[in-house]
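**Q** The structure that follows is given in the form of structure tokens.
The values are calculated or read from the model by the stated rules, or taken from the named source; none is laboratory data. Worth saying up front: this structure is predicted, and the values here are computed from it rather than measured. In this analysis, Cβ positions are derived from the backbone assuming ideal geometry, glycine residues included, and neighbour counts consider all displayed protein chains.
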Amino acid sequence: MAKSTPAIPTTTADPRRRATIPASGGDPAALLAEMQAMRAEDADWQGGRTWSMVYYIGPEHHAFLKQAHNLYFAENGLNPMAFKSLKRMESEVVQMSASMLNGGRDTVGTMTSGGTESILLTVKAARDRARKSRPWILRPELVAPKTIHVAFDKACHYFNVKPRYIDIGPDYRADVEAMRKAIGRNTILVAASAPQYPQGVIDPIAELGEICEAKGVPFHVDACFGGFLLPWIEKLGHDIPTFDFRVPGVTSMSADVHKFGYAAKGASVILYRDMSYLKHQFFVSTDWPGGIYASPSMPGTRPGGPIAAAWAAMKSVGEAGYLELAREAVAAAQELRDGVEAIEGLTVLGAAHSTVVAIGTTDGAVDIYAVADVLQDKGWSIDRQQTPACLHCTVNAHNRPQVPTFLVDLKEAAAHVAAHPELASEGNAAMYGMMAKVPVRGLVKLSVQKVMESMYGPDGTVPDLSQLGAAEDDGFVLQFMHKYGDQAMEMLDRVNGFRASIGGRLRRK
């Protein structure tokens, strides 16, 4: 199987030599220059050529966030008595976020280091609340659509909660009736998304909230991705499903300030309808020889910089600024959707609830992973998704000037891949295609585990993706792909076709 340039550049450091602390300190200016040089092959987020990971308004706001962050570079939010200013800013960020999401006078919450921590705390608080109110539950369960953020899976893994992931409907939204049936006596939490990440659609929050309220089960809306965008899209007059605390059954929400709130990285909020939920998030220890210890969230040390920068971002941008940024992002996303639909072989997946554009194919003539490889070679950073195979674009205002250029490159990439179907079995397209098609997911997990072990091993080198599977311990899937190439893909297509046929027959019965 032919190999192309790997997606992740390999390190140029000598793997036989491990880093040590230098005998004497280096020149700060030289070190800063070295760090700047290290960034040469990083994704170009300032130029608007990334479709995820970084949310950027412009150089002036960026410089302002650095100043706000650096004012609290050394402060520690662990002790609110020592740093009252940080506590005030955190409280105001929580209050402003609650107001934006239509929380009431009793809505409370904390800041966290990001969406994952917010979700971890949500599950932890629900589990501990259930221990108090329903102690007979020995195997607590979470019910959520399969599109819920993977951080919920991590939370269930950490806190010994059994996840029950429910199939979604053809519109990529949670299946309300299936969710209702899945809620049982062991359910400690139901979760849904506003919007979900893969296709950017909002789950039926109002309908699910009504069910959860009737059953007396806490209901979390994961708005980490859209919490600082959807309110402004709605105010601009766009018709989107109700998703926030206006739904009586919603008991908690999470929203990332460092996404469409345009704050510095490391800033999210977790909000609860009232203190009866939040109190189960806290950790308190009274017997440690070091003194009484109380923590509102997961870390011990809570860096002051992200809290300060989040406060500064929300205060400086303001409602008018957020509305204008949302207007630009919505316009950019629509331009991108229209352009994609005009390209032969490509289509947009999901409703236009947010500014996510998920790009899929209309038939088998264009392999979407191969399209991603071509775009990558042209300097674009884009996420690949599975079930269904598609590309993910998170569109913000800063991307709008680049949309026309991206569409030209996307059209060329799709045409090139259609004319060269062999690209589907080369490089990263082959790896992603193989991983998505293997029906035994435990084998995929083992291979990914091997990649992680390589990346975080003693040498700390980034693996050459084009060589994965060459080593005996790379995992069965990677070895299978490396050895058999196109034959492996054809075999998997036949297996999955047979499984789909059997599944269809069973459903008809």
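**Q** Identify the residue in the range 286-308 that is surrounded by 12 or more Cβ atoms within 10 Å (Cβ to Cβ) and of a type in the set (A, V, I, L, M, F, W, C) and, among all such residues, is farthest from Thr122 (Cα to Cα). Even if it seems obvious, please write down each step before you answer.
**A** Applying the first criterion (surrounded by 12 or more Cβ atoms within 10 Å (Cβ to Cβ)) to the range 286-308 yields 293-299, 302-308.
After this cut, where a residue has to be of a type in the set (A, V, I, L, M, F, W, C) as well, the list is 294, 298, 307-308.
Details: Ala294: 18, Met298: 11, Ile307: 20, Ala308: 23 Å.
Filtering the range 286-308 for residues that are surrounded by 12 or more Cβ atoms within 10 Å (Cβ to Cβ) and of a type in the set (A, V, I, L, M, F, W, C), the one farthest from Thr122 (Cα to Cα) comes out as Ala308.
**Q** Among the residues of the range 213-241, which ones are farther than 25 Å from Arg129 by Cβ and among the β-branched types (Val, Ile, Thr)?
**A** Of everything in the range 213-241, those that are farther than 25 Å from Arg129 by Cβ and among the β-branched types (Val, Ile, Thr) turn out to be Ile233, Ile240.
**Q** Also: In this structure, does His392 turn out to be assigned to a strand (DSSP E or B), within 21 Å of the chain's Cα centre (by Cα) and at pLDDT 90 or above?
**A** Details: assigned to a strand (DSSP E or B): yes; within 21 Å of the chain's Cα centre (by Cα): yes; at pLDDT 90 or above: yes.
Yes: the conditions hold for His392.
**Q** Just wondering, is there one or more residues in the range 124-145 that are among the hydroxyl-bearing types (Ser, Thr, Tyr) and surrounded by 20 or more Cβ atoms within 10 Å (Cβ to Cβ)?
**A** Among the residues of the range 124-145, not one is among the hydroxyl-bearing types (Ser, Thr, Tyr) and surrounded by 20 or more Cβ atoms within 10 Å (Cβ to Cβ), which makes the answer no.
**Q** Could you tell me which numbered condition Val217 fails, if it satisfies all but one of (1) over 16 Å from the mean Cα position of the chain (by Cα); (2) under 24 Å from Glu234 (Cα atoms)?
**A** Status for Val217: all satisfied but (2).
**Q** Considering only the range 168-191, how many residues are over 20 Å from His353 (Cβ atoms), without any contact (Cβ under 8 Å) to a residue 24 or more places away in the chain and not small (Gly, Ala, Ser)?
**A** Number of matching residues: 2.
**Q** May I pose another question? Would you please list the contacts, defined by Cβ atoms under 7 Å and residues six or more apart or on different chains, that run from a residue in the range 375-390 that is within 21 Å of Ala365 (Cβ to Cβ) to a residue that is of a type in the set (Ser, Thr, Tyr) and at pLDDT below 90?
**A** Close Cβ pairs (under 7 Å, with a partner that is of a type in the set (Ser, Thr, Tyr) and at pLDDT below 90) amount to Arg384/Tyr432.
**Q** Follow-up question, since we're still on this one. Restricting the search to the range 348-357, which residues are touching a strand residue (DSSP E or B) at 6+ places or on another chain (Cβ under 7 Å) and either surrounded by fewer than 24 Cβ atoms within 10 Å (Cβ to Cβ) or modelled with pLDDT under 95 (or both)?
**A** Val348, Leu349, Gly350
**Q** Now for a separate question. Taking the condition of being surrounded by fewer than 24 Cβ atoms within 10 Å (Cβ to Cβ) and under 20 Å from the mean Cα position of the chain (by Cα), how many residues in the range 234-268 meet it?
**A** Of the residues in that region, 4 qualify.
Per-residue answers, yes or no, for (1) assigned to a helix (DSSP H, G or I); (2) hydrophobic (A, V, I, L, M, F, W, C); (3) under 24 Å from Glu412 (Cα atoms):
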{"residue": "Leu325", "(1), (2), (3)": "yes, yes, no"}
{"residue": "Ala333", "(1), (2), (3)": "yes, yes, yes"}
{"residue": "Asp338", "(1), (2), (3)": "yes, no, yes"}
{"residue": "Glu344", "(1), (2), (3)": "no, no, yes"}
{"residue": "Ile359", "(1), (2), (3)": "no, yes, yes"}
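**Q** While we're on this one: I'd like the full set of residues that are closer than 19 Å to Thr116 by Cα and loosely packed, with under 14 Cβ neighbours inside 10 Å, limited to the range 150-188.
**A** Val150, His157, Tyr158, Asn160, Lys162
**Q** Is there a residue being outside any helix (DSSP H, G or I) and touching an Asp or Glu at 6+ places or on another chain (Cβ under 6 Å) anywhere in the range 400-418?
**A** Applying the first criterion (outside any helix (DSSP H, G or I)) to the range 400-418 yields none.
Looking through the range 400-418, none of the residues is outside any helix (DSSP H, G or I) and touching an Asp or Glu at 6+ places or on another chain (Cβ under 6 Å).
**Q** State the number of residues belonging to the range 327-375 that are in contact with a helix residue (DSSP H, G or I) (Cβ under 7 Å, 6 or more places away or on another chain) and within 12 Å of Gly200 (Cα to Cα).
**A** Summing the residues that are in contact with a helix residue (DSSP H, G or I) (Cβ under 7 Å, 6 or more places away or on another chain) and within 12 Å of Gly200 (Cα to Cα) in the range 327-375 gives 6.
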